[in-house]
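Visitor: I'd like to ask some things about the structure below.
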Amino acid sequence: MSVLVGEQTRLVVQGITGNEGTFHTLRNADYGTKVVAGVTPGKAGQDVDGIPVLDTVADAVRTTGANTSMIFVPARFAAEAILEAADAGVELVVAITEGIPVRDMAEVHAYLEGRDTVLVGPNCPGVISPGVANVGIIPGEICAAGRVGLVSRSGTLVYQIVHELTQRGIGQSTCIGMGGDPVHGIGFIDALERFEDDPGTELVVMVGEIGGDDEERAAAFISEHVAKPVVGYIAGFTAPPGKRMGHAGAIVTGSSGTAQAKAEALERAGVKVGRTPTEVAELVQAALP
Amino acid sequence: MDLYEHQGKELFARYEIPAPRGIVATSADEAAQATRELGGRSVVKVQVAIGGRGKGGGVVVVDSPERAAAEADRMLGAGFKDMPVTRVLVEQALPIAREFYTSFLLDRSTGRYLGMMTAEGGVDIEELARTRPDAIRRVHVDPNLGLRTYHVRELVSVLPPDAREGAGDVLRKAFRLLTELDATLVEINPLVQLEDGSVVALDAKVTIDDNALFRHPDLESLRSAFPIDPVEARAREKGLQYVKLDGEVGIIGNGAGLVMSTLDVVAQAGARAANFLDVGGGASADQMATSLEVVLSDPAVRSVLINIFGGITRGDLVAEGILGALDRVEVRVPIVVRLDGTNAEEGRRILAEANHPRIVTADTMLDGAKRAAELATGAAV
């Protein structure tokens, strides 16, 4: 079992004809993901290795039954691509694109509120349910099918921690890279809720970083609503205040958003927090039956 | 991009937000001249993109051009809280009756704009939010609906009645600035009411979203006003995220989270990171080479740890980049390399074949951090 992506996934790729779009579409298809169409305005009629290219997402939904979209279009057009997918009735939109203006994302975020479309990202590595479907750029070969759900703000920390788990023989139900932008789609709470309800997931790993209060709010949610064991990791213990560490969201401002405060909030909620990715994998191993 | 006060006020002027008359000075003489033009009395304000200027001696009222020159000289010479200072803002000194605080920002926890107003000026807003949250009025604004009249009424209702109209006018203009110029913060602290009853922005703190600069080519040029380290400038040109820190282990990695984590793991291994450097996704051999040059240009660096987990980034290109850099720069310290992910095996093979005396390979991130820490602290003896 898995969350968000799985057997049911029928993928349309927006921006399929770009270099990265093509490369990762074919990797996802090789992995076994059902890629049903691509969309690049003005290129309808072409195909990418047999995958038909269409002009609009609505067309892809009508003619191929696409229910999931992956977005590789450039930053300045990406917000519109998300809206297009939502209006076409796509259930899940995974936006890989980085560098989208935050005002655009605020508009998208407000528009999606109360609608059925779920957004993952932007500026994220995507979602993989190992052995079943891969929507995004997470290297499939480092994952293994299993019972641990993982959600992370950082992309490369998904890789690092999944790798450490797989090397210990611990497989994953689904790995979600939610992205490091200040305004994004699915967050820790939404992911935890899905993993809690997923019979195929026995333990959840959540990987946070400095900045914002997503981890603190997730901690409050865990105390109230999550019965499954949760193992946590926070990056940025040694990050100095006021310096932005790459991700638009990763900055310690004043006394808020520090790794220490986040780790303590999670520990108070009963989450075991590892101090290194390796220790996270060890804690998971110890906690699994 | 955090703007200087005087840059923020230039934007305020575009939006007709009332502010004191001011002149930028880059020398003591210019500050004296500016004070003369402003009538012999002025406020000299250090221009740095950080807060706490009032308490730190960065804002001083002077009553003569000579005093203005002396204060400007002190500020330009000494810097402010370790920040270099290249300019001061000399402003008209106004008769202030009351001080308030207002701001609009993009609230990441709701994805909406948040407007705040309090009748207490010159405060540390985070401190006030903790101790007396009731003193702050807040409204959340739907980005698709914009600022409405009732939002403005709610915010200004915390102010004395005769200040509400003037403050409301500032709020509407500040919100337009926020949305039209892709700002993520417009903060006025203090917003003041003068003795004649009018409301004026005494300070301006504006942050512009870097991702949106393509829509505002005129704002991109504001960046050139910041004194920037030549090494950081070089890194930025190549699309690398580089932040100088105080330690001795140079760090290069891909992805902000992994790099932050690498900093932490090196610290646990008993050393300190000399920098944060994220080569980003899909790093090319050239970017790797530049990264090494940038990191090695810091004389405090005693070892380097390259920690790459390739998704988009390819291990073979990383290895080629490292070897390319060894041809371009003199390498005086050991370089520990840990490669995993896409084409990592190929990358490891390339490094093994090169058999370079300075390169040490590590199998895991933890081992790499330990080796780099040992090499850095050992070399320091």
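Read-outs throughout are calculated quantities, based only on the coordinates presented, and are distinct from any laboratory measurement. What you are looking at is a predicted structure, and each value in this text was computed from that prediction instead of being measured. Positions of Cβ are backbone-derived with ideal geometry, glycine not excepted, and every protein chain shown enters the neighbour counts.
Visitor: What residue among B:Ala267, B:Thr377, B:Tyr150 has its Cα farthest toward the positive end of the dipole of chain B, where the charges are +1 on Lys, Arg and -1 on Asp, Glu, each on the Cβ?
Guide: So the residue we want is B:Tyr150.
Visitor: Classify the range A:73-142 as rounded, prolate or oblate from the Cα gyration tensor: take a ≥ b ≥ c as the square roots of its eigenvalues, call it rounded if a/c is under 1.5, otherwise prolate when a/b beats b/c and oblate if not.
Guide: Working: a/c = 2.48, a/b = 1.50, b/c = 1.65.
Judged from the Cα gyration tensor, the range A:73-142 comes out oblate (a/c at least 1.5, b/c at or above a/b).
Visitor: Just want to confirm a number: the relative contact order over chain A, from Cα pairs under 8 angstrom separated by 6+ residues, in percent. Can you show the working numbers first?
Guide: Values: 682 pairs, mean separation 41.7, N = 289.
Once normalised by length, the contact order is 14 percent.
Visitor: Nearest 0.05, what FRET efficiency do A:Arg217 and A:Ala287 give at R0 = 22 Å with Cβ-Cβ as r?
Guide: Values: r = 23 Å, r/R0 = 1.04.
It comes to 0.45.
Visitor: Roughly speaking, what % of Cα-Cα pairs in the range B:96-223 are separated by over 24 Å, rounded to a whole number? Walk me through the numbers on the way to the answer.
Guide: Details: 2190 of 8128 pairs.
So the portion of pairs separated by more than 24 Å is 27 percent.
Visitor: Between A:Gln8 and B:Glu99, take the C-beta separation as r, use R0 = 41 Å, and let me know the FRET efficiency to the nearest 0.05. Please list the in-between numbers first.
Guide: Numbers: r = 59 Å, r/R0 = 1.44.
Given R0 = 41 Å and the Cβ-Cβ separation, E is 0.10.
Visitor: Which angle from 0 to 90°, rounded to the nearest 10, does the C-alpha axis of helix A:75-87 make with the longest principal axis of chain A?
Guide: 80
Visitor: Which value results when the Cα radius of gyration for the range B:259-330 is divided by 2.2 N^0.38 Å? The partial results should precede the final answer.
Guide: Details: Rg = 12.3 Å, N = 72, 2.2 N^0.38 = 11.2 Å.
Ratio of Cα Rg to 2.2 N^0.38 Å: 1.10.
Visitor: In degrees between 0 and 90, to the nearest 10, how far off the longest principal axis of chain B does helix B:5-14 point, with axes built from Cα atoms?
Guide: 60
Visitor: Wrap a convex hull around the Cα atoms of the range B:230-380, take a quarter of its surface area, and give that in square nanometres. List each step's numbers first, then the result.
Guide: On the way: hull surface 29.2 nm².
The directionally averaged projection comes out at 7.3 nm².
Visitor: Given DSSP loops and a limit of at most 12 other Cβ atoms within 10 Å, what is the longest stretch of chain A that contains no such GluC sites (Glu not before Pro)? Could you put the intermediate results ahead of the total?
Guide: On the way: sites that count: A:Glu7, A:Glu113.
Of all site-free stretches, the longest is A:114-289.
Visitor: Something else now. Give the peptides B:123-135, A:174-186 in descending order of average Cβ contacts within 10 Å, highest first. It would help to have the intermediate numbers written out before the result.
Guide: Details: B:123-135: 13.1, A:174-186: 27.3.
In decreasing order of mean packing, B:123-135, A:174-186 become A:174-186, B:123-135.
Visitor: Now a separate question. Could you work out the mean count of beta carbons from other protein chains within 10 Å of each residue's beta carbon in B:45-57?
Guide: On the way: counts 0, 0, 0, 0, 1, 1, 2, 0, 0, 0, 0, 0, 0.
Across the residues of B:45-57, the mean count of other-chain Cβ atoms within 10 Å is 0.
Visitor: Separate question: Could you work out the mean count of beta carbons from other protein chains within 10 Å of each residue's beta carbon in B:211-217? Mind showing how you got there, number by number?
Guide: Numbers: counts 13, 8, 1, 4, 4, 0, 0.
Partner-chain Cβ atoms within 10 Å, mean over residues of B:211-217: 4.
Visitor: Throw me the Rg/Rh for the protein assembly as shown, computed over C-alpha atoms with Kirkwood Rh, two decimals. Provide the component values of the computation, followed by the final result.
Guide: Details: Rg = 26.3 Å, Rh = 26.5 Å.
We get a ratio of 0.99 for the protein assembly as shown.
Visitor: Along the charge dipole of chain A, Cβ charges K/R +1 and D/E -1, which of A:Ala85, A:Pro277, A:Val35 sits furthest on the positive end?
Guide: So the residue we want is A:Pro277.
Visitor: Follow-up. Please report, in cubic angstrom per residue, the volume enclosed by the convex hull of the alpha-carbon atoms of the range B:48-113.
Guide: Details: hull volume 9.1 nm³, N = 66.
Output value, Cα hull per residue: 137 Å³.
Visitor: Oh, and also: Helix A:214-225 versus the longest principal axis of chain A: what angle, 0 to 90°, nearest 10, using Cα atoms?
Guide: 80
Visitor: Based only on Cα atoms, what Rg/Rh ratio does chain A have, Rh being taken as Kirkwood's radius?
Guide: Values: Rg = 18.3 Å, Rh = 18.9 Å.
Checking Rg against Rh, the ratio lands at 0.97.
Visitor: Further question: Write down the percent of antiparallel bridges among all DSSP beta bridges whose residues are both part of the range A:1-123, to the nearest 5. Numbers along the way, then the final one.
Guide: Details: 2 of 19 bridges.
Of those bridges, close to 10 percent are antiparallel.
Visitor: Taking just the C-alpha trace of the range A:138-289, give me its Rg and Dmax in Å.
Guide: When restricted to the Cα atoms of the range A:138-289, Rg and Dmax are 14.2, 42 Å.
Visitor: With the crude spin-label approximation of a point 7 Å out along Cα→Cβ, what separation in nm comes out for A:Asp197 versus B:Thr149?
Guide: With each label point 7 Å from Cα toward Cβ, the separation is 4.2 nm.
Visitor: Please report, in cubic angstrom per residue, the volume enclosed by the convex hull of the alpha-carbon atoms of the range A:93-196. Show your work: numbers first, answer last.
Guide: Numbers: hull volume 9.2 nm³, N = 104.
For the range A:93-196, the hull spanned by Cα atoms encloses 89 Å³ per residue.
Visitor: Turning to a different aspect of this structure: Using the Cα centre as the reference, give the magnitude of the dipole from point charges on the C-beta atoms of the range B:182-312 (Lys, Arg: +1; Asp, Glu: -1; all else neutral), rounded to the nearest 20 debye. Let's see the in-between values first.
Guide: Details: 9 positive and 19 negative charges, 114 e Å.
The dipole of the range B:182-312 has a size of about 540 debye.
Visitor: Rounded to the nearest 5, what % of DSSP beta bridges with both residues in the range B:230-380 are antiparallel? Spell out each step's value before the answer.
Guide: On the way: 4 of 21 bridges.
Percent antiparallel among DSSP bridges in the range B:230-380 is about 20.
Visitor: Pick out which of B:Pro190, B:Pro299, B:Pro334 has the largest mean-square fluctuation in a Gaussian network model of chain B, springs linking Cα atoms closer than 10 Å.
Guide: Greatest mean-square fluctuation among the candidates belongs to B:Pro299.
Visitor: What is the dipole size for the range B:96-223, taken about its Cα centre, with +1 at each Lys and Arg Cβ and -1 at each Asp and Glu Cβ, in debye to the nearest 20?
Guide: Values: 16 positive and 22 negative charges, 86 e Å.
Computed about the Cα centre, the dipole is about 420 debye.
Visitor: Treating the Cα atoms of chain B as identical point scatterers in vacuum, please give the log10 of the normalised Debye intensity I(q)/I(0) at q = 0.06, 0.08, 0.10, 0.14 Å⁻¹, two decimals.
Guide: -0.33, -0.56, -0.79, -1.09
Visitor: Further question: Which FRET efficiency value, to the nearest 0.05, is calculated for B:Val231 and A:Lys228 with the Förster distance at 56 angstrom and r the Cβ-Cβ distance? It would help to have the intermediate numbers written out before the result.
Guide: Numbers: r = 47 Å, r/R0 = 0.83.
Efficiency, rounded to the nearest 0.05: 0.75.
Visitor: Restricting to bridges with both residues inside chain A, how much of the DSSP beta-bridge set is antiparallel, in percent to the nearest 5?
Guide: Percentage antiparallel, nearest 5: 20.
Visitor: Which cross-chain or sequence-distant (5 or more) residues have an amide H under 5 Å from the amide H of B:Ala97, H modelled 1.01 Å from N in plane?
Guide: Those qualifying (amide H under 5 Å, at least 5 residues apart or on another chain) are B:Gln193, B:Leu194, B:Glu195.
Visitor: Among B:366-374, A:232-240, A:122-130, how do they line up by average Cβ neighbours within 10 Å per residue, starting with the highest?
Guide: Put in order of decreasing packing, that is A:122-130, A:232-240, B:366-374.
Visitor: Given H placed on each backbone N at 1.01 Å, which residues far from B:Asn343 in sequence or on other chains put an amide H within less than 5 Å of it?
Guide: B:Gly315
Visitor: When the Kirkwood hydrodynamic radius is evaluated over all pairs of different C-alpha atoms of the range A:1-139, what value in angstrom, to one decimal, is obtained? Intermediate values should be presented prior to the final figure.
Guide: Numbers: mean 1/r = 0.0691 Å⁻¹.
Mean inverse Cα-Cα distance, inverted, gives 14.5 Å.
Visitor: Would you kindly derive the ³J(HN,Hα) couplings of the range B:33-39 from the backbone phi angles with the Karplus curve 6.51 cos²θ - 1.76 cosθ + 1.60 (θ = phi - 60°), listing them in order in whole Hz, with x for Gly and Pro?
Guide: Per-residue couplings from phi come out as 4, 4, 5, 4, 4, 8, x Hz.
Visitor: What ranking of B:Val301, B:Val336 emerges when the number of other C-beta atoms within 10 Å of each C-beta is taken as an exposure proxy, fewest first? Mind dumping the intermediate values first?
Guide: Numbers: B:Val301 20, B:Val336 27.
Least to most surrounded, the residues fall as B:Val301, B:Val336.
Visitor: Something else now. Looking only at other chains, what is the average number of their beta-carbon atoms within 10 angstrom of each beta-carbon in B:262-271? Show your work: numbers first, answer last.
Guide: Numbers: counts 5, 6, 11, 8, 1, 3, 5, 1, 0, 0.
Average neighbour count from other chains, rounded to a whole number: 4.
Visitor: Using the Karplus equation 6.51 cos²θ - 1.76 cosθ + 1.60 (θ = phi - 60°), what ³J(HN,Hα) coupling, rounded to whole Hz, does each residue of the range B:285-295 give in order, writing x for Gly and Pro?
Guide: Working through the residues one at a time gives 4, 5, 5, 4, 4, 4, 4, 5, 4, 4, 5 Hz.
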